[in-house]
Amino acid sequence: MQLAAIVVSLVLTAVGVALLARAVAQIYRFVKLGQPVPAGTRTNEPKQRTITLVKEFLGHTRMNRWGIVGFAHWFVAIGFLTLPPTLAQAYGQLFRADWTLPVLGGFLPFEMYIEFIGLATVLGILVLMAIRLLNLPTRPGRKSRFAGSTAWQAYFVEYVILTIGLAILVLRGLEGAIHHVEGYEAAYFVSYPLVAAFDGLSTGTLQNLIYFTAMVKIGTSMIWMITVSLNTAMGIAWHRFLAFPNIWFKRRSNGEVALGPLQPMTSGGKPIDFEDPGEDDVFGVSQVEQFSWKGILDFSTCTECGRCQSQCPAWNTGKPLSPKLLIMSLRDHAHAKAPYLLAGGGKTMEGEERATEEQLKDVPAAALAEAERPLVGTLEENGVIDPDVLWSCTTCGACVEQCPVDIEHVDHIVDMRRYQVMIESAFPSEAGTMLKNLEKKGNPWGLAKKQRLAWTQEVDFEVPVVGKDIEDLTEVDYLYWVGCAGALEDRAKKTTKAFAELLHIAGVKFAIMGGDEKCTGDSARRLGNEFLFQQLGAENVGMLNMAFGEDEEEGVTVERSKKKIVATCPHCFNTIANEYPQLGGHYEVIHHTQLLQHLIDEGRLVPVTPVEGLITYHDPCYLGRHNKVYTPPREIIGRVPGLRNEEMHRHKERGFCCGAGGARMWMEERIGKRINTERVDEALSLNPDIVSTACPFCLVMLTDSVNGKKNEGKAKEDIQVVDVAQLLLESVRTPAEPEDATGTEPAPEPAPAS
């Protein structure tokens, strides 16, 4: 038995170590196939990055959002990293059954730790296995987050961990028996029942059992090593190694996820100068090797857990996009194409082959065939990513928010969109109308710029306009950036007027632009038209800086803290605050709900009139997930007397998109259930009187769906969809005094919120 155990274990070890070394080298060369990133963007603040990595791993800050799953996974992950000493001891036990580790062997704290973490690992993996096994039959099809994952790989990894964990505990029991442990000892506080069970066996039998169990432990470990080494695309296994660098190299060193701003478009690791682009500049991504090395690392790190998929509004409404399946497709394509790329293969922008026939002569036929596949193409074209997958994304960020290994799905989707829009001109036709309107009129509706100020004639107070009523913004507290929807869309204009009136009541000095401002470019950028975004953004930044009193020619600059902007649209808010700094525009930007909460706290706005009814609040993605503004809207609702707030099942970090983000506002939904209908169905399940939000896009999408439900008789006729500013204004307005001795007319009843 001993000879067989030694031979089997050492042969498997030799093969496993050799293959693992080769696999590590392959993955390193594979990741390096990606494009460089701008200098310092992934390696800045190394100390902070290391702290973030330690926090995310030891605290399991992303996994623990999933309750028992995160708790169980923590013990499995810690066991994987801290139990290798038991593997070393197993090798020693092959040659001498009673061998113990030098120094650590017999050290009570170490022995107790091994006992505890060994049991915790076994229990943890049993919990994870049960969740997987129970999830598949009880949540079939799209309802299961494991749908589409590579099942055999997951089961293989789980059963390997279970086998190794059980082997550790059995070996502990055999060790206690062969060392003649009599009675309960702290060093065997978990495995003592096994010690007692093995007590009485002959020394020879115990030795043979130790040889055999050590062989099982080592052999299982090496079989795992051989299997994953032969499958370098096996993210379910490799994530336990690759997650560490992927988290360390994440976009933000402080641990925040890759949401908010999109990254500038780069080529060869350098931002593209759109005024004078280089001849070799690559616009967007049309081939997998054009992703950055961080993108390639992202694809390899995916553990196929499906958390992104379970939260995706497109997947949950029957559309072909699953963030998980998209990343898996890119990973599998990249790995299959790797031999071709490593041999020097690759195509120019014109589709010409860069490598010679001599260089490619030893490349496998499968890799050559993979190289001919278009990155984005239909099933008939043998494309890696179907166009319907690409255009289903609302860029809501739910996938990025939930991913436990910090994959940056939205950035990769937008990079592919950029090539399709800017080079191929291949995008949904409805979006073309929006782009033309932005180019010609500066707004998505194609309306004349003078109409941006029309709403100011519908309020009974003066709204100062920069350049007309005031010289510049040094005379006011805030620039109110009304935005295209707030100025031009009838439903959104109600929010605009309500917010302006609240500022007027509170005595806040504010002004608006004079109508020459353009759309911030949010929809154009997320559709993929980076060039148009740069144009619109540059014009707006120049205009804003001038309005704040800056003068480039005279070298006059203004501190960021003195350039205050408030926006009612989260998309404008996000773009001006997070993306205009890329264009030289640095401002202090807040959302209108943040300012309103501040004014209430200061006592400058006092809600007094009750607004009766049950209300549920919908989190706009670009206010919530992208910018972490969750509390102010709820604080405002909580301060309005008469309102009873009830949260929808999916809210805050797990809030469900309205379907308008990522330029989807301008595209028709032709596949599956409408996303706004799904969201409204969830809201109506609470039987609310009011559905509230804090975004003009959300307001439009939710209102359209609610009105449709009313027409079908599936919603109360008096249900309202309103912005929180409208609710607050209704409560701040106080009824006039009743008729008195002076003969004053009695006050009218307060109008209902609308």
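A few notes on this one:
- From phi via Karplus (6.51, -1.76, 1.60), per-residue ³J(HN,Hα) for region 452-460 in Hz, x at Gly/Pro: 4, 9, 4, 5, 5, 7, 9, 10, 9
- Portion, in percent, of the accessible area of the chain that falls on carbon or sulfur, probe 1.4 Å: 56
- Taking the charge dipole of region 346-428 about its Cα centre, with +1 at Lys and Arg Cβ atoms and -1 at Asp and Glu Cβ atoms, the residue from Gln402, Gly383, Ala365 reaching farthest to the positive side is Gln402.
- When the chain is described by a simple charge dipole with +1 on each Lys and Arg Cβ and -1 on each Asp and Glu Cβ, the residue from Gln26, Leu699, Tyr587 located farthest towards its positive end is Gln26.
- Region 585-636 and region 352-370 have their alpha-carbon centroids 58 Å apart.
- Charge sum, other residues only, whose C-beta stays under 14 Å from Ala366's C-beta, Lys/Arg counted +1 and Asp/Glu -1: -2
- The simple Förster model, with R0 at 22 Å and r as the Cβ-Cβ distance, assigns Ile223 and Ala130 a FRET efficiency of 0.40.
- Calculated mean residue ellipticity, 222 nm, the chain: -15500 deg cm²/dmol, from DSSP H runs (n ≥ 4) at -39500 (n - 2.57) each, averaged per residue and rounded to 500.
- Using the Cβ-Cβ distance between Lys436 and Asn254 with R0 set to 35 Å, the FRET efficiency works out to roughly 0.30.
- Three-way shape label, region 1-50, alpha-carbon gyration tensor, a/c 1.5: oblate
- Peptides 28-34, 617-623, 660-666 ordered by packing proxy, namely the average of other Cβ atoms within 10 Å per residue, highest first: 617-623, 660-666, 28-34.
- Remark: relative contact order (the chain) = 11 percent; criterion is Cα-Cα distance under 8 angstrom and separation of 6 or more residues.
- Dipole-positive endmost among Gly118, Ala725, Gln457 within the chain (Cβ charges, Cα centre): Gly118
- Seen from all directions on average, region 65-194 presents a Cα convex hull projection of 9.4 nm².
- Stretching the chain fully between Glu554 and Asn687 yields a gain of 41.9 nm (0.36 nm per residue, less the alpha carbon separation).
- By the rule of a C-alpha distance below 21 Å, with chain neighbours fewer than 8 residues away ignored, the lysines paired with Lys509 are Lys468, Lys493, Lys494, Lys497, Lys562, Lys563, Lys564.
- Long-range HN-HN contacts of Val721 with modeled amide H, under 5 Å: Val691
- The slack between Asp199 and Asn44, meaning 0.36 nm per residue of separation minus the straight C-alpha distance, is 50.0 nm.
- Potential extension, Glu357-Lys449 segment - 0.36 nm per residue separation minus Cα distance: 27.3 nm
- For Ile385, the residues whose modelled amide H falls within less than 5 Å of its own, excluding neighbours fewer than 5 places apart on the same chain, are Val376, Gly377.
- Table column - 3J(HN,Hα) (Hz), region 678-693, Karplus curve with 6.51, -1.76, 1.60, x for Gly and Pro: 4, 5, 5, 4, 5, 5, 5, 5, 8, 6, x, 8, 9, 10, 10, 8
- Convex hull of Cα atoms in region 149-256, direction-averaged projection (nm²): 10.1
- Length-normalised contact order for region 346-474 - Cα pairs under 8 Å, 6+ apart - percent: 8
- Candidate aspartates and glutamates for bridging to Lys628, where Cα separation is under 13 Å - those fewer than 8 sequence places away on the same chain excluded: Glu256, Glu401, Asp619, Glu653
- Under 5 Å between amide hydrogens, built in the peptide plane, is the criterion, and for Asp477 it picks out Lys509, Phe510 among residues at least 5 positions away or on other chains.
- The Cα center of region 385-436 and the Cα center of region 209-273 differ in position by 25 Å.
- Euclidean distance between Cα centres, region 656-677 to region 73-138, Å: 47
- Environment charge at Gly105 (Cβ cut-off 15 Å; Lys +1, Arg +1, Asp -1, Glu -1): -3
- Charged side chains reduced to their Cβ positions (Lys and Arg at +1, Asp and Glu at -1) give the chain a dipole of some 2380 debye around its Cα centre.
- Cα-based reach from Lys324 at 16 Å (exclusive), listing lysines while leaving out same-chain residues under 8 positions away: Lys143
- GluC sites (Glu not before Pro) within region 147-222: DSSP coil, no more than 11 neighbouring Cβ in 10 Å: Glu182
- Share of Cα-Cα pairs in the chain lying beyond 51 Å, as whole percent: 26
- Rounded to the nearest 20, the Cβ-based charge dipole of region 626-692 about its Cα centre (Lys and Arg +1, Asp and Glu -1) stands at 200 debye.
The values are calculated or read from the model by the stated rules, or taken from the named source; none is laboratory data. This one's a predicted model, so the numbers in the text were calculated from it and none came from an experiment. As a convention, Cβ positions derive from the backbone with ideal geometry for all residues, glycine included, and neighbour counts pool all protein chains shown. These accessible areas exclude ligands, DNA and RNA; they are computed on the full protein's heavy atoms, side chains included. Shrake-Rupley method; radii C 1.70, N 1.55, O 1.52, S 1.80 Å.
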